[in-house]
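So the structure is just underneath, and the comments pick up after that.
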Amino acid sequence: MTNPDVPVSFARGTAPVADTAVFEIFIKTTPSRLWEAITDPQTRAKYSFGVQTHSDWTAGSTYESGIPGAVDIAGGENLVVDPPRLLVQTFQARWSEEVLAQGTTRVTWEIEQVGDSCRLTVVHDQLPASANAELYGGWPMILSGLKTLLETGKLLTTPGSLMYSPAQA
């Protein structure tokens, strides 16, 4: 998936190593508040392109992400649910035929308390060798929006972060 002669770039789709893309961010918050922001549909929509994610958040349950009546973004199974520390999910992207054809991947959210903050590590793995950059390229904007929201109470207003917000839909 990566070429040693090409700089690592999410914008160019050259960031993952082998079948894995790893994102780590520190957020001044508590594990419980971070877990809630990941699992609450209304909060998630504020930093995740306007998209809500619904589930009962138990191991073996399913989840669905999208905007009812507008766009179906993703779905999958919650493999491991250990609040407020660990969430492992299968991920089937559905927003276009191209990403749907990429198959099912896996996303792991790991929360670790570090002083008065949290380290959030998101691992998107089991990516196909020819992974479309759209599968993993949105994570930096999503995680930046999450950090902005939890630390300031404000929304990130980059064009992509507003993609499916009510004002843009």
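Since every read-out is calculated from the coordinates, none of them should be taken as a lab result. Note that the structure is a prediction, hence the values are computed from the model and not measured.
Just tell me which aspartates and glutamates come within less than 18 Å, Cα to Cα, of residue 147; anything on the same chain fewer than 8 places away is out.
In chain and number order, the partners are 24, 36, 40, 110, 112, 116.
In whole Hz and in residue order, list the ³J(HN,Hα) couplings for region 78-88 that follow from phi through the Karplus curve 6.51 cos²θ - 1.76 cosθ + 1.60, θ = phi - 60°; x for Gly and Pro.
Result, rounded to whole Hz: 7, 7, 10, 10, 10, x, x, 10, 8, 9, 10.
So who's got an amide H within less than 5 Å of the one on residue 85, skipping anything under 5 residues away but keeping other chains? H placed 1.01 Å off N, in plane.
Amide H to amide H, under 5 Å and 5 or more residues apart or across chains, residue 85 pairs with nothing.
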